[in-house]
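Undergrad: Below: one structure in structure tokens.
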Amino acid sequence: MTRFVTAMSLALILSAAPALSAAGYYVVRAPHSKRCEVVKTAPNGRTLLLVGKPHSTMSAANHAMHTSVSCTQTKKGSSSKGSSY
């Protein structure tokens with residue numbers, strides 16, 4: 001019985017470890033300026049809004065920021081490329 005409880009406790013701890021370590025970098029967006037950035041602290045939901053899910057590495061968070069629709073939208077009518085005429 002003791003071995004069973006010990007084994008189950010160990011399994012529970014090991015299964016929770018990746019979830020705890022995964023939350024290292026967050027892609028956040030300021031609600032008024034609509035600008036995104038990567039931060040290491042969890043956003044509070046008022047001054048910064050979470051975009052997507054937490055990421056385990058800075059490069060994964062940067063990739064998510066550059067590919068997120070919330071972070072790549074531009075103002076209506078503007079374009080980053082020149083005219084095609």
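Undergrad: Please enumerate the residues belonging to segment 32-76 that are without any contact (Cβ under 8 Å) to a residue 24 or more places away in the chain and among the hydrophobic types (A, V, I, L, M, F, W, C).
TA: V39, A42, L48, L49, V69
Rundown of residues vs (1) modelled with pLDDT of 90 or more; (2) loosely packed, with under 10 Cβ neighbours inside 10 Å; (3) not in a loop (DSSP other than H, G, I, E, B), yes/no style:
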site	(1), (2), (3)
F4	no, yes, yes
S9	no, no, yes
V28	yes, no, yes
G52	yes, no, no
S78	no, yes, no
Y85	no, yes, no
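Undergrad: May I pose another question? Restricting to segment 55-75, and then to whatever is over 14 Å from Y25 (Cβ atoms) and outside any helix (DSSP H, G or I), can you tell me which residue is modelled with the lowest pLDDT?
TA: The residue in question is K75.
The values are calculated or read from the model by the stated rules, or taken from the named source; none is laboratory data. Computed from a predicted model, the values in this text were never measured in an experiment. When we count neighbours, we look across all protein chains shown, and the Cβ atoms used for this are built from the backbone with ideal geometry, even at glycine.
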